[in-house]
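K.L.:
Before we start, here is the structure in question, set down as structure tokens.
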Amino acid sequence: MKQLEYPYDSDFILRKKKAIKRELLAREGIQYVEKKIAILGGSTTSDIKQILELFLLNYGIRPEFFESEYNKYFEDAVFGNPELDEFAPDLVFVHTTTRNIARFPAVTDSPEQIDVLIEETMGRFEQIWGALAERYKCTVIQNNFEQPFYRLLGNSDFTNIHGRLNFINRLNDRFCAYAQSHRNFFINDINYISAVYGIKKWADPGDWYRYKYALSVSAIPDFAFNLAHIIKAVYGKNKKAFALDMDNTLWGGIVGDDGPENIKIGHEDAESELFTEFQQYIKAHKDLGILLTVASKNDEENALAGLARPDSTLKQDDFLIIKANWDNKDINIANTAKEINIGADSFVFVDDNPVERALVENQIPGISVPEVGAPETYIDILDSNGFFEVTGISEEDIKRSGMYKANMERAKASAQFTNYDEYLKSLEMTAEIKPFAPVYMARIAELTNKSNQFNLTTKRCSQADIEKIATDPKYITLYGRLEDKFGDNGVVAVAFGHEEDFGKDKFFHIDLWLMSCRVLKRGMEFAMMDELISEAKSRNITKIKGYYLPTAKNKMVKDFYGLQGFEKIREMEDGTSEWLLDLDKPHKSGNVAIKVN
Amino acid sequence: MTREEIYGKLNEVFQDVFDDEDITVNDSTVAADVDGWDSLEHINLIVAVERCFGIKFTMGETTGLKNVGEMVDRIIAHLG
């Protein structure tokens, strides 16, 4: 589909993505390859998935997606995830960016400390890649790092070891070395794509803080297109051959009219130099195994005379087949395809003439006919379309030198977590768990309205409700804010309930308990319960009652109170359950790794 | 651009983003009125509106919008 070929209109794709998808799926006679693609994200991936799907459908690949929970790429990769196991991905894409770098060098760090930091960061990624390779034995695509949008050290950010840019460049070198020495592992070069897009426009802090998109939403089509190139190359959807026009495509002028001595090629003037660079670009494809053919409306004699010029980079020998005649070009290309026994749809047809392009495009389904524009844009438009994306690394190309061995040893030596608690401890988590405070009222109300999954009663509250509860002495309120070595997660947990005198007992009813899914499996719910119990005891409360009200979305917390050491005292037919914790009995804390207050 | 003209273009954006040619919005339209207008589609909506009018909302402007009327107020302010 033309709208999905470079130069495409990113705004159009973003705005019309649903209509485009409908149109793609409505095409007839497309034989799709079906692939399962897991996206493990260190930031929001929703639109990346949707736009990637469009480009893949256009390439004849029908993807089924698995998306990790927000920022759960490390956990899913290293510790596994039953859902992901069941999904059995054909390909895993790890979407991390410079936003996911846990620590950058401090200006006070010594060179040795920075070396350690590099090893730590690499160790983490190598652990991901190693675990994925072992568990799924599938293709892995990993982003490298984009350059930061600010430079604390100015130009020295590049050269000084304390510079973020210096640090990122070192990491990118290491990613490169890993890719060179591992099969089925590819780098999605966002360092390049973001530079093309404009580093400052790419890093849109507004989109990061509002939506947790690590790149500007407007840049997603460029990002997804680049990623799609690798995927389609892996699944054999690359183009195989060029069909090239000659006059005003390979040289300036018309060889039949102007004579071979007057066409623009060589180094005599600007136009000639421009066409020479283009010929060099085309010729370089030969070494990649791309077949060069000609489809030109010319007398063959004139066509060959053009190529015979001593300053023509492309020679007759460079072409597998030359069709220079007056037949329609679609017929010539179809015949060429038959002669070399490849599909006509595996050609890229390059012609400066829009009429010829339209004809060929209409007559040969699946052929690529880029809108090459003026001669000075030929290279960019061919290149940016990634028709021949290179992924295959032949045996000889794999560098088995010291690098491979050294990497293996580093991976072994770097911190490897043998159990989950150890991993949790490595996160260096600290929590602030306190009664509702004025500064967080809006966030607390928002969480009660947005959280669906980790939410025991799904009680929705306005900010006014929250403020009222906070001042009521009958209530215990708690918010939890969690920080770890990667940053501050903000307020992620909320609980409140009320006291009730009941004979000699003093009961406490938990009215609301929720947690943001971005901190699942961190033990935050246990740290919260510890604080609740300690506050309840200080109020001489003897029993705590918890309630689970089932909804379509909160199954994950069905046994929440059981895990917290409560006893189930009632369960209704609709799944609603009541739980009791007797504070006179000892309670074992489930929190292993979070330092509180 | 008059408010009416803005609504003309805005309706097209809504129709494209939510893939429903029958959508028309007005000052009092809120997210709950439009099928599929959740937090993720909101992002696309904002980007499409920005591109359509050639403006860029500040971060603060896009998080507190109460209804479409307020969005149009912001668009008018940007178009100056």
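The values are calculated or read from the model by the stated rules, or taken from the named source; none is laboratory data. Just so it is clear, the structure is predicted and the values come from calculations on it, not from any experiment. Cβ atoms come from the backbone with ideal geometry, glycine included; neighbour counts cover every protein chain shown. The accessibility values were calculated without ligands, DNA or RNA, using every heavy atom of the protein model including side chains. Shrake-Rupley method; radii C 1.70, N 1.55, O 1.52, S 1.80 Å.
K.L.:
Within the stretch A:23-55, how many residues are more than 14 Å from chain B (Cβ to nearest Cβ), under 10 Å from the mean Cα position of the chain (by Cα) and open to solvent by 10 Å² or more (accessible area, probe 1.4 Å)?
P.N.:
Of the residues in the stretch A:23-55, 0 are more than 14 Å from chain B (Cβ to nearest Cβ), under 10 Å from the mean Cα position of the chain (by Cα) and open to solvent by 10 Å² or more (accessible area, probe 1.4 Å).
K.L.:
Here is a follow-up. What are the residue pairs meeting all of these: first residue in the stretch A:517-539, first residue open to solvent by 50 Å² or more (accessible area, probe 1.4 Å), second residue assigned to a helix (DSSP H, G or I), Cβ atoms under 7 Å, and 6 or more apart or on different chains?
P.N.:
A:Lys521/A:Glu75
K.L.:
Only one of A:Lys283, A:Lys232, A:Lys237 is touching a Ser or Thr at 6+ places or on another chain (Cβ under 8 Å) and either more than 14 Å from every other protein chain (Cβ to nearest Cβ) or part of a helix (DSSP H, G or I) (or both). Can you tell me which? Steps first, answer last, please.
P.N.:
On the way: A:Lys232 fails: touching a Ser or Thr at 6+ places or on another chain (Cβ under 8 Å); A:Lys237 fails: touching a Ser or Thr at 6+ places or on another chain (Cβ under 8 Å).
The conditions single out A:Lys283.
Conditions tested, residue by residue: (1) modelled with pLDDT of 90 or more; (2) open to solvent by 50 Å² or more (accessible area, probe 1.4 Å); (3) not β-branched (Val, Ile, Thr); (4) not in a loop (DSSP other than H, G, I, E, B).
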residue	(1), (2), (3), (4)
A:Val348	yes, no, no, yes
A:Arg357	yes, no, yes, yes
A:Glu361	yes, yes, yes, yes
A:Pro370	yes, no, yes, no
A:Tyr378	yes, no, yes, yes
A:Asp383	yes, yes, yes, yes
A:Lys399	no, yes, yes, no
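K.L.:
Another question, then. Say whether the condition of being within 14 Å of chain B (Cβ to nearest Cβ), assigned to a helix (DSSP H, G or I) and aliphatic (A, V, I, L, M) is met by at least one residue in the stretch A:63-80.
P.N.:
Scanning the stretch A:63-80, I find no residue that is within 14 Å of chain B (Cβ to nearest Cβ), assigned to a helix (DSSP H, G or I) and aliphatic (A, V, I, L, M), so the answer is no.
K.L.:
Here is a further query. Do we have any residue at all in the stretch A:485-493 that's modelled with pLDDT of 95 or more, part of a strand (DSSP E or B) and under 27 Å from A:Leu583 (Cβ atoms)? Write out each step before concluding.
P.N.:
In the first step, residues of the stretch A:485-493 are kept if they are modelled with pLDDT of 95 or more; the result is A:493.
Now narrow it down to the ones that are part of a strand (DSSP E or B): A:493.
Now drop any that are not under 27 Å from A:Leu583 (Cβ atoms), which leaves A:493.
Yes: the stretch A:485-493 contains one or more residues that are modelled with pLDDT of 95 or more, part of a strand (DSSP E or B) and under 27 Å from A:Leu583 (Cβ atoms).
K.L.:
Can you tell me which residue within the stretch B:43-80, out of those that are away from chain A (no Cβ under 13 Å) and among the acidic types (Asp, Glu), is nearest to A:Tyr213 (Cα to Cα)?
P.N.:
Per the stated criteria, the residue is B:Glu70.
K.L.:
Are any residues in the stretch A:465-482 buried (at least 23 other Cβ atoms within 10 Å of the Cβ) and modelled with pLDDT under 95, and if so, which ones?
P.N.:
If the condition is that a residue be buried (at least 23 other Cβ atoms within 10 Å of the Cβ) and modelled with pLDDT under 95, then A:Ile466, A:Leu482 are the ones that fit.
K.L.:
If you don't mind, there's one more thing I want to ask. Before we move on, is A:Asn262 in contact (Cβ under 8 Å) with a residue 60 or more places away in the chain and surrounded by fewer than 22 Cβ atoms within 10 Å (Cβ to Cβ)?
P.N.:
The answer is no for A:Asn262.
K.L.:
Exactly one condition in (1) charged (D, E, K, R); (2) in a loop (DSSP other than H, G, I, E, B); (3) modelled with pLDDT of 95 or more is not met by A:Asp530; state its number.
P.N.:
It fails just one condition, (2).
K.L.:
OK, next. So the check is Cβ under 7 Å with 6+ separation or different chains; which pairs have a first residue in the stretch A:450-463 that's within 14 Å of chain B (Cβ to nearest Cβ) and more than 13 Å from A:Gly497 (Cα to Cα) and a second one that's surrounded by 20 or more Cβ atoms within 10 Å (Cβ to Cβ) and of a type in the set (S, T, N, Q)?
P.N.:
Taking only residues 6 or more apart or on different chains, the pairs are A:Ser451/A:Ser516; A:Asn452/A:Asn554; A:Arg460/A:Thr448.
K.L.:
Still on this structure, I have one more. For the stretch B:3-20, which positions are touching a helix residue (DSSP H, G or I) at 6+ places or on another chain (Cβ under 9 Å) and more than 10 Å from chain A (Cβ to nearest Cβ)? Step through it out loud before you land on a result.
P.N.:
First pass over the stretch B:3-20, keeping only residues touching a helix residue (DSSP H, G or I) at 6+ places or on another chain (Cβ under 9 Å): B:3, B:6-7, B:9-10, B:12-14, B:16-20.
B:Arg3, B:Ile6, B:Tyr7, B:Lys9, B:Leu10, B:Phe14, listed by residue number.
K.L.:
Taking the stretch B:42-80 as the search range and keeping residues that are β-branched (Val, Ile, Thr) and open to solvent by 60 Å² or more (accessible area, probe 1.4 Å), which one is modelled with the highest pLDDT?
P.N.:
B:Ile76
K.L.:
Something else now. Restricting the stretch A:556-570 to residues that are touching a residue at least 12 places away in the same chain (Cβ under 8 Å) and under 25 Å from A:Glu69 (Cβ atoms), which is surrounded by the most Cβ atoms within 10 Å (Cβ to Cβ)?
P.N.:
Going through the qualifying residues, I end up with A:Tyr561.
K.L.:
I'm told A:Phe242 meets every condition in (1) buried (at least 19 other Cβ atoms within 10 Å of the Cβ); (2) more than 18 Å from A:Phe388 (Cβ to Cβ) except one. Can you identify the failing condition by its number?
P.N.:
Of everything listed in (1) buried (at least 19 other Cβ atoms within 10 Å of the Cβ); (2) more than 18 Å from A:Phe388 (Cβ to Cβ), A:Phe242 misses just condition (2).
K.L.:
I've got another one for you. Step by step: first the residues of the stretch A:544-566, then only those that are hydrophobic (A, V, I, L, M, F, W, C) and not in a strand (DSSP E or B), then the one that is farthest from A:Thr576 (Cα to Cα). Which residue is that?
P.N.:
Top of the filtered list is A:Leu563.
K.L.:
Are any residues in the stretch B:21-36 more than 13 Å from chain A (Cβ to nearest Cβ) and part of a loop (DSSP other than H, G, I, E, B), and if so, which ones? Explain how you work it out, then say what you get.
P.N.:
Initial filter on the stretch B:21-36 (more than 13 Å from chain A (Cβ to nearest Cβ)): B:22, B:24-30, B:33-34.
Hits for the stretch B:21-36 are B:Asp22, B:Thr24, B:Val25, B:Asn26, B:Asp27, B:Ser28, B:Thr29, B:Val30, B:Val34.
K.L.:
What residue, of A:Arg62, A:Arg15, is touching an Asp or Glu at 6+ places or on another chain (Cβ under 9 Å) and surrounded by 22 or more Cβ atoms within 10 Å (Cβ to Cβ)?
P.N.:
None of the other options fit; the residue is A:Arg15.
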